[in-house]
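Student: First, the structure itself, so that you have it in front of you.
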Amino acid sequence: MAMAKIEEMSTICAISTPYGSGGIAVVRVSGESAIQIVDTLFHGRKSLTEAKAYTVHYGEIVNEQEILDQVLVSVFRAPHSFTGEDVVEIACHGSMYIQQTLLQWLVDAGCQLAKAGEFTQRAFLNGKMDLTEAEAVADLIAAQTKAEKDLALSQLRGGISNELAMLRERLLTFTSLVELELDFADHEELEFADRSELFALAQEIDTTIGNLVRSFKTGNAIKQGIPVAIIGAPNVGKSTLLNALLGEERAIVSDIQGTTRDTVEDTLVLDGMLFRFIDTAGLRQTDDTIENLGIERSRQAAQKAVVLIHLQDATQPVNILAELDDTSEKKIIQVYNKVDLLGKEAMRREGDEARIYLSAKSGNVEVLKQQLINFAREQYDTRNAVTISNTRHYEALVRAQDAIQRVQDGLQMQISGEFLSMDLQDCLSALGEITGQITSQEVLNNIFGKFCIGK
Ligand SMILES: Nc1nc2c(ncn2[C@@H]2O[C@H](COP(=O)(O)OP(=O)(O)O)[C@@H](O)[C@H]2O)c(=O)[nH]1
Ligand SMILES: [Mg+2]
């Protein structure tokens, strides 16, 4: 195990609440001397060194010259704390002066300023959580929608770890049996690891990893927003529709064809899911160089999108879908705009699942929103399966899958145990990288460097 230990676990401190003044602020201290250092500044009914774990104490922060603040201090003792070390959390009043001075006094008393993510890194190094759980902490802090929060929380609760631990354990048993055979290389006929059982296991693991790999599409869409491109001929009301969806004048609307020349993009949360709407230039034949560049971008946007809103003018429908590259994999919502220009009869038509009739100009686009919500609920349901949302996990899983497929090929070709064991080890180490059983300082720096200070 290549685990980087912190050379000497110093006691660290940081302001854990956001920069600025607020009702209260929390300053966190972690390390061997945490309780003792805070105690030198804390005047309460009794000394913090005598405080029981998981208790809160009222008192004042004082040094020789100055009474700084009245505070509440929470005491946690190793190993049952977030970091696995002694931790003290000081809730002070949220004045910038108080926060900064308290931090300075802690440093003067022997603390070091925590680096970004250092509390969570310590939690990882002390075995309080694995790497996917530590990464989930960062995701949880960054979550902007319910779906994102749900995903991060399930990861924090060990969703991915449990799934991978199960795979690894079963694979390990077999790998050790295969390696045991190598120790008895003189007895060629010896086979501890039943080959057909191993093949069945490899297939099963291949399937499980395959499902995880595929789930990245969902996980990624939840994090980045589901890309929805609004496409159609010029002047059908694409920009008007974008504005109506967002509830603000985001894109320029005019009756001059070719007004939208570049793609305009903005996000909206519907039913706890992030959608990324892309308004595009209308598709038509034109000699205008710049408009053509815009049209090319429309095609690219359509290609990258998961959902296409194909917008047509209800008074003179023009279908442009045939002008796009293959759209067979896309969810296409057919929308007919400008129904206000049709007779009263037509205006009452609300459409069905296949066609939506609306007036973007009126601003009422609820039917369309509802269809998008239904699609997302169906397509991005993460309640019943573990969902991957992290590129690092995705890449390692692809490598693990590649290795387990080599194991299957090898078994079919009856290759020697020596080569089998290499592929098995490759798979195991790729899986181990995800949870952090195998890791390098570089990977850790990369992960924890992106955290905020104080977490
Ligand atoms: N009557 C009516 N006009 C609309 C509606 N939606 C858009 N328009 C008009 O159609 C013209 C083109 O709109 P725009 O959103 O720029 O179309 P785009 O070229 O597809 O982006 C503008 O004059 C809009 O005011 C609608 O629902 N009803
Ligand atoms: Mg437009």
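Student: For the pair Val443/Leu341, report the inter-label distance in nm, with labels modelled 7 Å from Cα in the Cβ direction.
Tutor: Computed distance between label sites Val443 and Leu341 equals 5.8 nm.
Student: Let me ask something additional. Spit out the partnerless Cys residues in the chain, using Cβ distances under 4.7 Å as the pairing rule.
Tutor: Cys92, Cys427, Cys452
Student: Rounded, prolate or oblate: which one fits segment 12-129, using the alpha carbon gyration tensor with axes a ≥ b ≥ c (rounded when a/c is under 1.5, else prolate when a/b beats b/c, else oblate)?
Tutor: It comes out oblate by the Cα gyration axes.
Student: Moving on. Counting only C-alpha contacts under 8 Å and six or more residues apart, can you give the relative contact order of segment 1-151 as a whole percent?
Tutor: Dividing the mean separation by the residue count of segment 1-151 yields 25 percent.
Student: For the chain, give the share of DSSP beta bridges that are antiparallel, in percent and rounded to the nearest 5; count only bridges with both residues there.
Tutor: 65
Student: Over all alpha-carbon pairs in the chain, figure out the percentage whose distance exceeds 33 Å.
Tutor: So the pairs more than 33 Å apart make up 57 percent of the total in the chain.
Student: Moving on to the next point. Subtracting the Cα-Cα distance from 0.36 nm times the residue separation, let me have the gained length for Phe419 to Arg377 in nm, one decimal.
Tutor: 10.6 nm
Student: While we're looking at this one, here's another question. Using only helices, what value at 222 nm comes out for the chain when you add -39,500 (n - 2.57) per DSSP H run of length 4 or more and divide by the total residues, to the nearest 500 deg cm²/dmol?
Tutor: Calculated mean residue ellipticity at 222 nm is -14000 deg cm²/dmol.
Student: Find which of Phe124, Gln100, Phe76 sits farthest along the positive direction of the dipole of segment 12-129, computed with +1 on the beta-carbon of Lys and Arg, -1 on that of Asp and Glu, about the Cα centre.
Tutor: In segment 12-129, that residue is Phe124.
Student: Something else now. Kindly flag which residue pairs out of Lys223/Lys338; Lys52/Lys128; Lys146/Lys450; Lys238/Lys304; Lys223/Lys304; Lys331/Lys450 have an alpha-carbon separation exceeding 25 Å in this structure.
Tutor: Exceeds cut-off: Lys223/Lys338; Lys331/Lys450.
Any read-out appearing in this document is the output of simple, stated calculations on the displayed coordinates, not a laboratory observation. What you see is a predicted model; the values in this text were computed from it and never measured. Cβ sites come from the backbone with ideal geometry, for glycine too, and all protein chains shown count toward neighbours.
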